[in-house]
Amino acid sequence: MIELKHRQEWEKSGVSKDLINLNIKSCRGYQAHERLLYNLNSGDRRNGGRVRDSILNRYSHCENGGWWVSGIDVLTGENSIWGQYKPDIPYSYTKKSYSSFELANKKIIKYEAPKNVPTEVIALAVPLYLWKAIGLKYNVALPKNITQTTEGNAIGFWQWIIDNPKIPIIITEGAKKAGSILTAEYVVIALPGIYSGYRQKKDSYNNKIGLPVLIPQLQVFAHPDREIIFCFDHDLKAKTRDNVHSAIRITAELFNKQKCQVSVITWTYPEKGVDDLIVTRGTNCFDELYKSRLSLSKFNAGFILDLIKYNPLIIDKHYLSLDIIPPSSAQIIGLRSPKASGKTEWLVKMTQKFIREGKPILIITHRIQLAKALCDRFGIDHIESIKDSQTKGLLGYGLCIDSLHPNSGAKFNPTDWEEAIIILDECEQVIWHALESSTCRNNRIAIIENFQQLLQVVISTGGKIYLSDADLSCISIDYIKNLINVPVNIWIVDNSYKSKTKRKLYNYSGNDPSELIFNLFKNIKNGSKVLVQTTGQKVSSKWGSITLESIIKKKFPDRRILRIDSESVSEPGHAAMGCIENLNNILPSYDIVICSPIIETGVSIDIKNHFDSVWCIAYGIQTVEAVCQTIERLRDEVDRHIWIKTTAKSNRIGNGSTSIKSLLCSQYQQTKNNIFLLQQAGFEEFDDLNIKFSPISLITWAKRACIVNMGKNNYRQEVINKLLDDGYKLINVSKNEDSSIIEQEIKQTSQHNYQKYCQDVSIIEDPTESELEILHNKKAKNLSERLTERKGDLIQRYGIKITPELVEKDDNNWYAKLQLQYYLTIGNIYLIQRDKKSLDYIKKEGNGKAFIPDINKRQLLSKIKALQIINIEQFFNEESTFSQSSLTTWLDFVIKLRFDIKTILGVNINPEKDTAIAVAQRILKKLGLKLNFKGWSGDRLSKQRIYSGCNLYDDHRQEIFKIWLLREASF
């Protein structure tokens, strides 16, 4: 018997009549006691067996009525005796306060569970028609001769789910929500609480003393092929969201250990519970949310980035208006607003009053050209122009964060900036640049320390910090707040505007951008003016700015063409020299503009009705966010054409992980290994090296690295998804067979340019050491000077005659490959000294402190040790032969070490797919070596490929090794 009010409560959650009838019971009087008090211990009863009055009083409210839900015991297939009871009148109590300053807090317990019984799950009993619908949805056959009870319960449903791991399982909190999802024809299990999916041993003081484990009722579903989908409440409270994320993270990790795939259903609608959402918006809405569910890594990333904990002011404006004014008490002002919404202009207006009040403005960016452009817009000096300016920096100045240390040209001193206004435009990239960029590596400790002191000085003297970015996240805000290290007032604006005009986004697939280039040439031929953006800018880049400029000039000699990249903007006499600050005046003079990522962020091209389209090639060097920023540099509403590399895993950070914990653990372990190996060699001066410098900086580095890695894993789709979210309409371009001709033309042009470049480097006059030093310090260089500088660097690096072939090898990272073989073999006696010298430099520059990722990028000890442990030198004998069968034991050994190999050497090993020869070749490639195929061995049934060892003498490496050996001996 189900009372009407209880039935109506479940119906309001969108649960079908049949599910209600099968799973719900109304209780009165002592009926609830029978379900809740069946496992009382001896202390809960008197000597005669009667339940103690304290227990009866505690559960007396249940006698007034309520409903009970239990379902099926998934371990036995029988009706479950464990369940939940919702009393009509809930139990309430007042939480005791032990402080005179704390108010008493009334607590209400809405649901009761059996006393002294470990929590289980609620797996609702299912009618046959629903079972059939689920089988049809996932194309899984039902068992024959299914038995049904008189009530309509189809027996065996949950055992069928256990036996068919291809069927995904949704996990939600609460039986009513489970009923709603099940009514929508999805398999779902209800937890009584978000943390109820696992157990963790605790001591008598309630301290955790063991590792968490899945409860048995979930463990039974944890099959390697199963997808587990979490669907918890959408709550706006920061603390609740933290708890939900924590519960999902812990439970998901346990499923991951069982090799389950884990995803999460989320939504932005105002409805809190999934049952309310389904009732309000319909099953179709839930179907779409199910299809667009997030991978666990993407869900974790979203949590890291979410601004909601700062309670942002949410607006919906195409252009930021001046009536958005921060409160005077705000110390950190954050602005997240779409690209082309006027962020920089808003910042300019907001800071003008501070300039009038005599407060200095400090603009910090990650690129010199960007800093100059921003200084021009704010009306203050750039650090390089102070000498020639009238104000001499009195109003403040702008600089690159690379210069935020006392040894830079800026001679930066944080104490000079009392009451200042700090502007971090594109702050996400500024902070990432400070923590990861190679240009900051030598001074990173000083930069971070000065940055922290600057922030503290500004806040303590009444100044303000403005953070602005289209992708502003908690990563940056948390970092700034933690560096300040005192309570601060934070005020955030989150502009959620989405363009009402759906601009066309033409997506080109394929393994290369030849299809895009084919259509680009068609558009140019038809008279279109185009803005082309490409990742590559080196002459060796097949699809880079130099190659594209060459072939376009050849095909369209009558067109006005401008190439903007790091070389052209700093080449005296070039039309692009210093153009970044004046793009809106310069670009209208050209029909075709080809840009490298030097135009990526912070630059606004406001020209209207000039360019007809934007064309973008992204090979995986830039982050996902940077690619989307690049595409948006032109503000005009014209079509965009993109070719994005499918994946960019080779450009990931650290060990490539998307887990903060995994990334940090691998970095710490690698650093400890490197220092331990030096200590073993008798060098004790690194015992006091502080590798725990600025933990918040390292955590921030890891957070951003995980976001970057996630984007690189599925590069093309992540870029497309972000652009669609920005308001584009996707149009997939069909393949044109004629595009293959373009690929050949590009290849020939690129090869011709590159061969000429390599030849030019080899024949140019060798510079002296002093001449090379001058070139290194010179910012504006012509072509001849760049060629001379390159040759000088190669001479210093290799010590042999520079040939075109050597230039090409160096461009393919030959130096790093040779270093590994050299220090593994003939130069091993100098390896300790080499790494000691490197770590000495790090310790000296950091004043006894070091940033862990920088140590790992410079040290070779752990890499060489790893190569020795896996006996890679066995492949160095050209007379030896190898086959799959001869390397079976070796493969088993390296598979056991695959996680360490990935962390230290950056080589992935798939134990289920990779062969021994494939793994050996992958590791040898790190040394610029390979096994050579000799032929076949065995009969038709046992035929296998035979390989000979590496040829160590078919290039000049042995000659180079001898020179290196003499150099090190002389030191």
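When Tyr91, Tyr319, Tyr466, Tyr129 are compared by accessible area of protein heavy atoms, the largest-first order is Tyr319, Tyr129, Tyr91, Tyr466, using a 1.4 Å probe.
The calculated Kirkwood hydrodynamic radius for region 4-305 is 20.7 Å, given to one decimal from all distinct C-alpha pairs. Checking the Cα-Cα distances for Lys672/Lys896; Lys359/Lys500; Lys542/Lys865; Lys298/Lys902 against a 30 Å cut-off, the pairs over it are Lys359/Lys500; Lys542/Lys865. Listed values for region 123-139 are Karplus-derived 3J(HN,Hα) couplings in whole Hz (6.51 cos²θ - 1.76 cosθ + 1.60, θ = phi - 60°), namely 10, 5, 5, 10, x, 4, 5, 6, 4, 4, 5, 5, x, 5, 4, 9, 6, and x replaces Gly and Pro. Coupling constants for region 937-948 follow from the phi torsions by the Karplus curve (6.51 cos²θ - 1.76 cosθ + 1.60, θ = phi - 60°), and in residue order they are 9, x, 7, 4, 7, 10, 5, 8, 7, 10, 10, 9 Hz; glycine and proline get x. Any chance you could give the angle, 0 to 90 degrees and rounded to 10, that helix 368-378 forms with the longest Cα principal axis of the chain? Taking Cα atoms only, the helix is inclined about 70 degrees.
Scanning residues 5 or more positions from Ile653 or on other chains, those with amide H under 5 Å from its amide H are Asn709, with H placed 1.01 Å from N in the peptide plane. Accessible surface computed residue by residue for the chain, with neighbouring protein chains in place and a 1.4 Å probe, gives 47 Å² per residue. Matching the structure-derived volume of the Cα convex hull per residue in Å³ against the labelled list (i) 349; (ii) 238; (iii) 257 gives the label (ii).
Split the accessible area of the chain by element, probe 1.4 Å, and carbon with sulfur accounts for 49%. For Ser321, the accessible surface of its heavy atoms amounts to roughly 30 Å² (probe 1.4 Å, protein chains only, rounded to the nearest 10). Ordering Val140, Phe232, His61 by the projection of their Cα atoms onto the charge dipole of region 4-305, which places +1 on the Cβ of Lys and Arg and -1 on the Cβ of Asp and Glu, puts His61 at the extreme positive end. Between the helical axis of 444-460 and the longest alpha-carbon principal axis of the chain there is an angle of about 60 degrees. Annotation: amide H of Ile315 within the under-5 Å range of Asp494, Asn495, Ser496, sequence separation 5 or more or interchain, hydrogens built in the peptide plane. For the chain, the share of DSSP beta bridges that are antiparallel, to the nearest 5, is 30%.
Considering only alpha-carbon pairs that sit under 8 angstrom and 6 or more positions apart, the relative contact order computed for region 4-305 is 15 percent. Relative contact order for the chain: what is it in percent, counting Cα pairs under 8 Å that are at least 6 residues apart? After rounding, I find 8 percent.
Between 0 and 90 degrees, the angle of helix 474-484 with respect to the longest Cα principal axis of the chain falls at about 80 degrees. In a simple Cβ point-charge model (Lys, Arg +1; Asp, Glu -1; nothing else charged), the chain has a dipole of about 1820 debye relative to its Cα centre.
Are there GluC sites (Glu not before Pro) in region 902-969 that DSSP marks as loop and that have at most 12 other Cβ atoms within 10 Å, and which are they? Loop-located and lightly packed - Glu912.
As a quick test, which of the pairs Lys106/Lys257; Lys525/Lys779; Lys137/Lys259; Lys137/Lys176 have an alpha carbon distance above 32 angstrom in this structure? The pairs that break the limit, which is 32 Å between Cα atoms, are Lys106/Lys257; Lys525/Lys779. Considering only Thr283, Ile829, Leu966, the residue lying farthest towards the positive end of the dipole of the chain is Thr283, judged by Cα position with unit charges set on Cβ. Helices in the chain, meaning DSSP H runs of at least 4 residues, each add -39500 (n - 2.57). Divided by all residues, the mean residue ellipticity at 222 nm is -12500 deg cm²/dmol. Full extension of the chain segment joining Lys504 with Lys272 gains 80.1 nm, where the gain is 0.36 nm per residue of separation less the Cα-Cα distance.
In sequence order, region 639-655 has phi-based couplings of 5, 10, 10, 10, 10, 10, 4, 4, 9, 9, 4, 5, 9, 6, 9, x, 8 Hz under the Karplus curve 6.51 cos²θ - 1.76 cosθ + 1.60, θ = phi - 60°, and Gly or Pro positions carry x. Database remark: amide H of Gln533 closer than 5 angstrom to the amide H of Cys595, Trp615, Cys616, Ile617 (H placed geometrically; neighbours at sequence offset of 5 or more, or on other chains; Pro and chain starts carry no H).
When only alpha carbons are used to place a centre, region 830-849 and region 331-388 end up 38 Å from one another.
The values are calculated or read from the model by the stated rules, or taken from the named source; none is laboratory data. Everything numeric here is computed off the predicted structure, so don't read it as measured data. Every residue, glycine as well, gets a Cβ built from its backbone with ideal geometry; the counts of neighbours run over all protein chains shown. Calculation scope for accessible area: heavy atoms of the full protein, side chains included, ligands and nucleic acids excluded. Shrake-Rupley method; radii C 1.70, N 1.55, O 1.52, S 1.80 Å.
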